[in-house]
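Structure first, commentary second.
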Amino acid sequence: MIGPIHATHRTESVGAVDAVIVAVKAWQVSEIAESLEPLIGSKTVVLSLQNGVEAPRQLAKVVGDKHVLGGVCVVIAYLDGPGHVCFVGRNSAIEMGSLTGNIGATAHRLRDAFTQAGVRCEISDEINVALWRKLLLISSYGGVGAVARAPVGVTRLVPETRQMIETAMAEVVDVARAHDVPLGPDDIGHMMAQVDAFHSESTASMQRDIAAGRPSELDYQSGAVVRLAEQVGVQAPIHQFIYASLLPAERRARGDLDY
């Protein structure tokens, strides 16, 4: 039990803190970024735990590069109701690293706090690589799963959908390399091994949100792959297909389309 806990929706009433953990969905980062400013002191770290590769830079535009830690969160969990989080699986972990390459004492203290809480936490010198590597995994198996409306135990078994997952991963590698992020074929093999190790009923969070008619991180997963591919003139047809196929459901969930 941790306590006492003080909760508020008014960040200006809190003042500067040691650490801010940003745990909203990727599409909500821009909505809450400005509200973080009253929390920032000279040594405050802001840990971004969003899927995708764009959230850390969104936060840095508001609070500054030196404060932001990019983070990769390895966990399978879902919200079952207000304040009720269901944790599925084991071996939760966090990998975090500075956008500027300079890790201060506050980041080490935050790592120690996670470790004491039973969450394995590592500080990475290549956090941008880690962010892209996770995008490679979740956008591909999650995107194919959402289009196929099937759990990973099915999509990895059916040859056609398994090939789609692998090809989608290869597209992310191509886009990453065009953005000077050193991913390669070994990353595809490693992530396909993770896909094969998932419980057969596992689904990605984006896949679950779309199936439930909720707003999802589509724009920050396959949508981001498509967007970042266009910036560097790289083709990503599988992710273009996933994004286009799921976009009507996404827009309906956001109230922008009625059908």
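Brief remarks on what is shown
- FRET efficiency, 1/(1 + (r/R0)^6) with R0 41 Å, evaluated for residue 186 and residue 6 via beta carbons: 0.35
- Residue order, fewest to most beta carbons within 10 Å, for 154, 195: 154, 195
- Mean Cα-pair separation over length for segment 155-259, i.e. relative contact order, pairs under 8 Å, 6 or more apart, %: 29
- Cα-centre dipole for the chain with unit charges at Cβ (Lys and Arg positive, Asp and Glu negative), debye to 20: 400
- Cα→Cβ-extended label distance, 7 Å offset, between residue 35 and residue 80, nm: 2.6
- Relative contact order of segment 11-125: 21 percent, from C-alpha pairs under 8 Å at least 6 residues apart in sequence.
- Here residue 113 and residue 197 are evaluated by their C-beta separation; at R0 = 41 Å the FRET efficiency comes out at 0.90.
- Taking every DSSP bridge with both residues inside the chain, close to 50 percent are antiparallel.
- Residue with peak Gaussian network fluctuation, the chain [Cα springs, cutoff 10 Å], from 176, 16, 204: 16
- Sorting 259, 243 by the number of Cβ atoms found within 10 Å of their own Cβ, with the fewest placed first, yields 259, 243.
- Virtual spin-label span in nm between residue 212 and residue 17, 7 Å along Cα→Cβ: 2.4
- Positive-end residue, the chain charge dipole about Cα centroid, Cβ charges, pick of 76, 153, 47: 76
- For residue 43, the lysines whose Cα comes closer than 23 Å to its Cα, not counting residues fewer than 8 places off in the same chain, are 61, 66.
- Spin-label model distance (nm) - residue 24 vs residue 257, 7 Å beyond Cα toward Cβ: 2.4
- Charge-dipole axis of the chain as Lys and Arg at +1 and Asp and Glu at -1 on Cβ define it, positive-most pick from 233, 127, 202: 202
- Spin-label proximity, residue 93 to segment 63-78 - amide N less than 16 Å from point 7 Å beyond Cα toward beta carbon: 71-76
- From helices alone, the chain scores -13000 deg cm²/dmol at 222 nm; the rule is -39500 (n - 2.57) for each run of n ≥ 4 DSSP H residues, then divide by the residue total.
- In terms of Cα atoms, the Rg and Dmax of the chain work out to 18.4, 55 Å.
- Radius of gyration (Cα atoms) of segment 129-253, expressed as a multiple of 2.2 N^0.38 Å: 0.97.
- Length-normalised contact order for the chain - Cα pairs under 8 Å, 6+ apart - percent: 15
- Diffusion constant of segment 11-125 at 10 °C, which comes from Stokes-Einstein with the Kirkwood Cα-pair radius and 1.306 mPa s, µm²/s: 108
Laboratory data are not the source of any read-out in this text; all were calculated from the coordinates shown. Just so it is clear, the structure is predicted and the values come from calculations on it, not from any experiment. FYI the Cβ positions are ideal-geometry reconstructions off the backbone, even for glycines, and counts take in every protein chain you see.
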